[in-house]
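Chemist: Mind looking over this structure? Questions follow.
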Amino acid sequence: MALPSESSAVRVAFVDDDTGLVTVMQRRLAALRWQLEVLAYGPGPDQLAALRLHALVVNPALTGLDYLERIATQLPGLAVLVVARPTQVADRVRGLRGGADDWITKPCHPEELVARIQAVLRRRRAGELPPEEDVVAAGELAIRPDMFDAYVGEEAAGLSRKEYELLRQLAGVEGRVLEREQIYQRVWGYTMVRGDRSVDVFVRKLRTKLEKVSPRWRYVHTHFGVGYRFAAEPADATDAAPADAASEETTAADAGAGPETTTPRRAAMLIR
């Protein structure tokens, strides 16, 4: 799904039964010459792809959070925004981690919703790779922006949109360490809240998928207490123990432990 240019019409679909919001948005988007589809249910990926949408606005009360994750995974080129009544923090975190680009709490002003759709599309345009960098090769991997995934031969790693964005950002500065705060700002588009472990969780998922399709190589390396570095390095028998220890470090971080809280043995392992 190609992103719209600044001047072209945006195609948006709403999955919401809030008739008041939908009616107001229909008038507002018509004034902008945007195209709007109002859907009474959450269509499958094939149906959404046929609509050639740029953005999907979803009320998870109608679809469930699993739907968001499925759409974000199978249609990584589609911007997904959530508009919902006040919910628990755990639901919002799960939705954003699962691939939603933004989460807006009702009641919301229609101008704010329009602005948030525009902001998401703008961030996505800014994150597109130049044509001459369409494919990034590293080790056995071919990182393909046209598919929003990484491949070894014909086998895809099966990355979600956020996992792909994380990989692209790390690979884009290959060999350099990106701090967790930098990664969060680049991938999620916001300032990281203290204690948020989203970066560590997604690095763990990304690393698992890459090592599944390319077990002879290691790609994402941990710099404890700082951040992560991308470099294709052959795996050998000597890195088995550090890999396990690094995984334990990330698991501890996921559970809420700070990244600087390490034992002396782990502190000696600066890079995975």
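Chemist: Could you tell me whether segment 102-114 includes any residue that is under 23 Å from Val203 (Cα atoms) and touching a Leu at 6+ places or on another chain (Cβ under 9 Å)? Spell out how you get there, then give the answer.
Modeler: From segment 102-114, those under 23 Å from Val203 (Cα atoms) are 102-103; that's our starting set.
Still in the list and also touching a Leu at 6+ places or on another chain (Cβ under 9 Å): 102-103.
Yes, some residue in segment 102-114 is under 23 Å from Val203 (Cα atoms) and touching a Leu at 6+ places or on another chain (Cβ under 9 Å).
Chemist: If I go through segment 67-98 residue by residue, how many of them are in contact with a Phe, Trp or Tyr (Cβ under 7 Å, 6 or more places away or on another chain), under 23 Å from Val203 (Cβ atoms) and not in a helix (DSSP H, G or I)?
Modeler: Within segment 67-98, residues that are in contact with a Phe, Trp or Tyr (Cβ under 7 Å, 6 or more places away or on another chain), under 23 Å from Val203 (Cβ atoms) and not in a helix (DSSP H, G or I) number 2.
Chemist: Working only within segment 99-113, note down all residues that are touching a strand residue (DSSP E or B) at 6+ places or on another chain (Cβ under 9 Å) and either part of a loop (DSSP other than H, G, I, E, B) or under 14 Å from Lys162 (Cα atoms) (or both).
Modeler: Residues of segment 99-113 that are touching a strand residue (DSSP E or B) at 6+ places or on another chain (Cβ under 9 Å), as a first pass: 99-106, 108, 112-113.
Within segment 99-113, Gly99, Ala100, Asp101, Asp102, Lys106, Cys108 qualify.
Chemist: Are there any pairs, at least 6 apart or on different chains, whose C-beta atoms fall under 8 Å, with the first in segment 35-50 and in a strand (DSSP E or B) and the second of a type in the set (Ser, Thr, Tyr) and surrounded by fewer than 16 Cβ atoms within 10 Å (Cβ to Cβ), and if so, which?
Modeler: If the second residue must be of a type in the set (Ser, Thr, Tyr) and surrounded by fewer than 16 Cβ atoms within 10 Å (Cβ to Cβ), no pairs are left.
Chemist: Could you look through segment 159-203, keep only residues that are of a type in the set (Ser, Thr, Tyr) and more than 23 Å from Val136 (Cα to Cα), and pick out the one that is nearest to the chain's Cα centre (by Cα)? Steps first, answer last, please.
Modeler: From segment 159-203, those of a type in the set (Ser, Thr, Tyr) are 160, 164, 184, 190-191, 198; that's our starting set.
This time we only want the ones that are more than 23 Å from Val136 (Cα to Cα), so: 190-191, 198.
On the way: Tyr190: 13, Thr191: 15, Ser198: 10 Å.
Applying the filter and picking the extreme gives Ser198.
Chemist: Can you tell me how many residues in segment 50-91 are surrounded by fewer than 19 Cβ atoms within 10 Å (Cβ to Cβ) and closer than 18 Å to Trp34 by Cα?
Modeler: Looking only at that region, the number is 3.
Chemist: Then there is this: Failed condition for Leu96, given (1) modelled with pLDDT of 90 or more; (2) surrounded by 14 or more Cβ atoms within 10 Å (Cβ to Cβ), with all others met?
Modeler: Among (1) modelled with pLDDT of 90 or more; (2) surrounded by 14 or more Cβ atoms within 10 Å (Cβ to Cβ), Leu96 violates only (1).
The values are calculated or read from the model by the stated rules, or taken from the named source; none is laboratory data. Please read all numbers here as calculations on a predicted model, not as lab measurements. Don't worry about glycine lacking a Cβ; one is built from the backbone with ideal geometry, like all the others, and counts go over all protein chains shown.
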